[in-house]
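Bear in mind these aren't lab numbers, they're just calculated from the coordinates by the rules spelled out. This is a predicted model, so every value here is computed, not measured. Glycine gets a Cβ as well: all are built from the backbone with ideal geometry, and neighbour counts include every protein chain shown.
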Ligand SMILES: CCOC(=O)CCc1ccc(S(N)(=O)=O)cc1
Ligand SMILES: [Zn+2]
C-alpha cells in the first residue's frame, strides 16, 4: 500500500511538472475564478484609482484588439492600494469579446462567461523605468479586469465606439483625447486578485490581476461596433475581429483572494 501511495504521488507531481512545462509557466492567465474557493483577505485595502482624461492619446488597432493608449510620462493616471505595494501607471486599455454573446470574456466566474472583458493595463513605475521593462519583471504589471454584460447602452463608452470606424483595419490609429476610463469602473469596488500572466504573447508571468466582482453594462450596438473591427490590414481579406480571448489556464499552486462582499 505504501509503494502504491508513493507511486501515485510521484505520478501526480510529474503530471503537475509536465503541465508546467506544457503551459510554459505555473501562473498563467486567464483562469476560472471559483468564488467558493477564493479566500477573503481582510488586509486587502480598497483600490485607489485616479485617471487624468488629458493623458489619453490615441486608439490603435494592433490586429488582436484595439488599444486606447495613454501618456505615461507623468504620474497623473495611476492605480495603487489593494494588493499593490507600489503605484502603477496606466499604459493602455483594451477589450476581449466573442463572435456571439455566449463567449468573449477571458476570465470566468464559476464557469460563467461574459460577452466581453475590459483590461486596464498599468506598469510599476516605482520599480521599473519603462513599460517594456516591467512586462518581463515580477510585479511589473497590474491589470484591472472588468466584465461587460449586455443591457443598457453605456453612455461613457459611446465616445470610444464612435471612433472605432477610424481604426477598422489592423495597424490603423486615430487620435483620441479627453477620455476618462473611470467611467468604466463599476461603482462597487469589490474584487478578486491573484498572481498571473499576460493573456497574449509574450504571456510573461508579471501580472497582478485585479478582477472587479461586478460587471458594467453596455448595449448590443456597442458590442456590434467591436465586432465590426478587422484583424486584417487594409487591402487584405476581411476577417472580423472576434473571439480574441484566451482559454482559461490551470490554477496550479495559486490562491485567489477576495475583498469582503
Ligand atoms: C513585448 C511587448 O508586449 C506587450 O506589449 C504586451 C502587451 C499586453 C498587455 C496586456 C495584456 S492582457 N490581455 O493580459 O491584459 C496582453 C498583452
Ligand atoms: Zn487583455
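With contacts taken as Cα pairs under 8 Å and at least 6 residues apart, the chain reaches a relative contact order of 26 percent. Whole-percent P(r), the chain, all Cα pairs, 10 Å bins from 0: 7, 29, 36, 20, 6, 2, 1.
log10 I(q)/I(0), Debye, Cα-only the range 88-164, no solvent, q = 0.12, 0.19 Å⁻¹? Log10 of I(q)/I(0), two decimals: -0.45, -0.88. Counting beta carbons within 10 Å around each of 135, 33 and listing the fewest first gives the order 135, 33.
Label-to-label distance, residue 149 versus residue 232, with points set 7 angstrom from Cα along the beta-carbon direction: 3.6 nm.
Computed from label points 7 Å out along Cα-Cβ, the spacing between residue 136 and residue 173 is 2.3 nm. Against the chain, whose longest principal axis is taken from its Cα atoms, helix 2-23 shows a tilt of about 20°.
Straightening the chain between residue 4 and residue 112 buys 35.0 nm, computed as 0.36 nm per residue apart minus the Cα-Cα spacing. Diffusion coefficient (Stokes-Einstein, Kirkwood radius over C-alpha pairs, 20 °C, 1.002 mPa s) for the range 6-156: 119 µm²/s, rounded to a whole number. Computed from the C-beta positions of residue 166 and residue 71, the FRET efficiency with R₀ = 22 Å rounds to 0.65. For the pair residue 254 and residue 129, label points projected 7 Å from Cα toward Cβ lie 3.0 nm apart.
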